[in-house]
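Colleague: Handing you this structure, nothing more for now.
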Amino acid sequence: MTCFPLLSFLIAVVLVATVSSSDERNIVRIINSGSTNTNGYAIELHREGIVKWSVTHRGHQISSTTPSTPSSTTTQMSIRLPSALVISVFQALQQASPLNQYPPIFCIKSVSFGTTLHVIYNGQQSPDLDCPLEDSRLISLNKAVREVISFLHINTLG
């Protein structure tokens, strides 16, 4: 009789691990750090097309480790993206993966307006897409990501 609770627990752990692993492959996070003079933002794109994003007001820079919970310094929104746009991002990600294969990219930026732009997918982070890119896979990923950003009309100067 005592093996049933243990068996139930193990099944629950396996299911949670499977769902968590599956979720990581179905969510793309796009993080713009913001700067002294521009708002940062975090975008969460789900494979089924739902996109959620939050804008963090100036002076509250965000990074890939910033939690996505809303606060008094953020504005959150959510919509469904056109299928073609979602497919474009996930295809570019598939071609560019794994994202940790690329060395970090550094470039000179304005102190007041310089930002970083990273994509996080499947537990891996891209190099800074705001720097000049040479790898065609990163260029394609950058293009797809910027189409999403453009579609969302995110205001970074407000």
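The values are calculated or read from the model by the stated rules, or taken from the named source; none is laboratory data. Note that the structure is a prediction, hence the values are computed from the model and not measured. All Cβ positions, even for glycine, are placed from backbone atoms using ideal geometry, and neighbour counts span all protein chains on display.
Colleague: Step by step: first the residues of the range 72-90, then only those that are among the polar types (S, T, N, Q) and either modelled with pLDDT of 95 or more or assigned to a loop (DSSP other than H, G, I, E, B) (or both), then the one that is surrounded by the most Cβ atoms within 10 Å (Cβ to Cβ). Which residue is that?
Modeller: 88
Colleague: When the residues of the range 128-158 are narrowed to those that are in contact with a Phe, Trp or Tyr (Cβ under 8 Å, 6 or more places away or on another chain) and farther than 19 Å from residue 52 by Cα, which ends up surrounded by the fewest Cβ atoms within 10 Å (Cβ to Cβ)?
Modeller: 135
Colleague: Please list, ordered by first then second residue, the pairs with beta carbon atoms under 7 Å, 6 or more apart or interchain, first in the range 99-125 and in contact (Cβ under 8 Å) with a residue 12 or more places away in the chain, second aromatic (Phe, Trp, Tyr) and surrounded by 11 or more Cβ atoms within 10 Å (Cβ to Cβ).
Modeller: 99/121
Colleague: Working carefully through the options 150, 83, 88, find the one that is within 16 Å of the chain's Cα centre (by Cα), hydroxyl-bearing (Ser, Thr, Tyr) and within 23 Å of residue 24 (Cβ to Cβ). I'd like the intermediate steps shown before the answer.
Modeller: Details: 150 fails: within 23 Å of residue 24 (Cβ to Cβ); 83 fails: within 16 Å of the chain's Cα centre (by Cα).
Residue meeting the stated conditions: 88.
Colleague: Go through the range 91-111 and count every residue that is of a type in the set (Phe, Trp, Tyr) and either modelled with pLDDT of 95 or more or in contact with a Pro (Cβ under 6 Å, 6 or more places away or on another chain) (or both).
Modeller: 1
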